[in-house]
Amino acid sequence: MDLAGLQDALGTGEPGYRAVQLYQAIYRERASDLVHISTLPARLREDLSARHRIGLPEIARQYESVDGTRRYLLRLDDGRTVETVLMPEGERDTICISSQVGCPVDCKFCMTALLGLERSLTAGEIVGQVLLVARQNGHVPGRRLNIVMMGQGEPLLNLANVVKATRILLDPAGFGLSPRRITVSTAGIIPQIAELGREPVRPKLAISLNASTEEMRQELMPITRKYHLRDLLDACRAYPLRPWEKLTFEYVLLKDVNDSDADARRVVKLLAHLNAKVNLIALNPGPEIPYQTPAPARVAGFQQILRRSFPCFVRQPRGLDIYAACGQLKKAGAGG
Ligand code: SAH
């Protein structure tokens, strides 16, 4: 619930500031139970807890990687499960959250695609992943935290709930994150890119490019038969970046498929005139995935060509041993 939702839940008998107190207690103070919210009078706490609860997802299973990454399998109210990953890194934690149970996009290199779409998450289930993982790991307000919506699902196919959740996470009176600290990644759902750009409060945007030609992109990401590369790049050019912001492009490198120098040069051409940054991801393999990971030298060669034109980084895989890395979120794996 956002502030308006809490106001409705409280009813008209309560003064307006009660909803603000409740909102701050849940999202800023991260209260775990309504009866503990000491800013509210006791009778209101009891009345509220008779009708409502702070419903966080439940941990069904938890896997811990040798590199400190934790993958959570979370059970939702209807019994379905979804994944969230915590990646601690020095002074900063990154939480990778899901926007849907499963995913409808069907990328040929991604294990989540094998699940298909079960359903979209509510705004509460999106924010709940952050609140739960932060609480589990003793993450206190003030410690650096990044949120990436790069787990299961295609966030732009659940845009209303993603935006509602983002507003709560970015609200200084709510969870209080800076807009620089949340990134949403899309396979390139063009109409919703424009829609997101019109939101006054929004996360940063990352786009999964993954190929240097229309043909290859359609082969690897069938959904792009509907959303063409040329139109995608037009939408990117029209996207209203804030002064501090760049558009991030992700590119999964598949051995001998899209990882040649010629591919790299085509990517440079495609992204020319965009305020772009590129994250390369060497394929994280999976048993049902028909592609191989390129050798580190090939990844470096590809990076070198892009680096002449854009900031270009190679994303280091996290939690490979527990199937927590990009494209590996599929419930079981590693003893599951
Ligand atoms: N549906 C959104 C959100 C998922 S983000 C999107 O497509 O952007 C997950 C990122 O991991 C995407 O950039 C995707 O291309 C990448 N990815 C998927 N499977 C992968 C794999 N097996 N290895 C490496 N990266 C992968």
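Nothing in this text is a laboratory measurement; each read-out follows from the coordinates by a stated rule. The structure presented is a predicted model; accordingly, all values stated were derived computationally and were not measured. Here Cβ is always computed from backbone atoms with ideal geometry, including for glycine, and neighbour counts include all displayed protein chains.
Numbers at a glance
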{"read-out": "Among Pro287, Tyr323, Phe313 - extreme Cα towards positive end, dipole of the stretch 232-336, charges at beta-carbon", "value": "Phe313"}
{"read-out": "Value of relative contact order over the chain, rounded to a whole percent, pairs C-alpha under 8 Å and six or more apart", "value": "16 percent"}
{"read-out": "For the chain, share of DSSP beta bridges that run antiparallel, in % to the nearest 5", "value": "45 percent"}
{"read-out": "Residue (of Met1, Val82, Ala60) at the positive-pole extreme of the chain, dipole from beta-carbon charges", "value": "Met1"}
{"read-out": "Residues with amide H under 5 Å from that of Gln62, placed H, sequence gap 5 or more", "value": "Leu73"}
{"read-out": "The stretch 132-173-the stretch 196-212 distance, computed between alpha-carbon centres (Å)", "value": "16 Å"}
{"read-out": "Contour minus Cα-Cα distance for Arg198 and Ala262 (0.36 nm per residue)", "value": "19.5 nm"}
{"read-out": "Computed magnitude of the charge dipole of the stretch 26-168 (debye, nearest 20; Cβ of K, R +1, Cβ of D, E -1)", "value": "320 debye"}
{"read-out": "Too-long pairs where the Cα-Cα distance tops 23 Å, listed order kept, from Lys108/Lys226; Lys108/Lys255; Lys269/Lys330", "value": "Lys269/Lys330"}
{"read-out": "Label zone at Arg237 (point 7 Å along Cα-to-Cβ), backbone N below 15 Å, the stretch 255-273", "value": "269-273"}
{"read-out": "For the stretch 4-103, size of Cβ-based charge dipole, Lys and Arg +1, Asp and Glu -1, in debye", "value": "180 debye"}
{"read-out": "Dipole magnitude of the chain, debye to nearest 20 (Cβ charges: Lys/Arg +1, Asp/Glu -1, about Cα centre)", "value": "720 debye"}
{"read-out": "Cysteines having no other Cys beta carbon under 4.7 Å from their own, within the chain", "value": "Cys96, Cys103, Cys236, Cys312, Cys326"}
{"read-out": "Protection-proxy order for peptides 123-129, 134-140, each taking the mean of Cβ atoms within 10 Å per residue, highest first", "value": "123-129, 134-140"}
{"read-out": "Contact order normalised by residue count of the stretch 267-313, Cα under 8 Å, 6+ apart, percent", "value": "49 percent"}
{"read-out": "Residue of Pro104, Pro172, Pro15 that the Gaussian network model of the chain assigns the largest fluctuation, springs spanning Cα pairs under 10 Å", "value": "Pro15"}
{"read-out": "The stretch 112-232, relative contact order [Cα under 8 Å, separation at least 6], %", "value": "22 percent"}
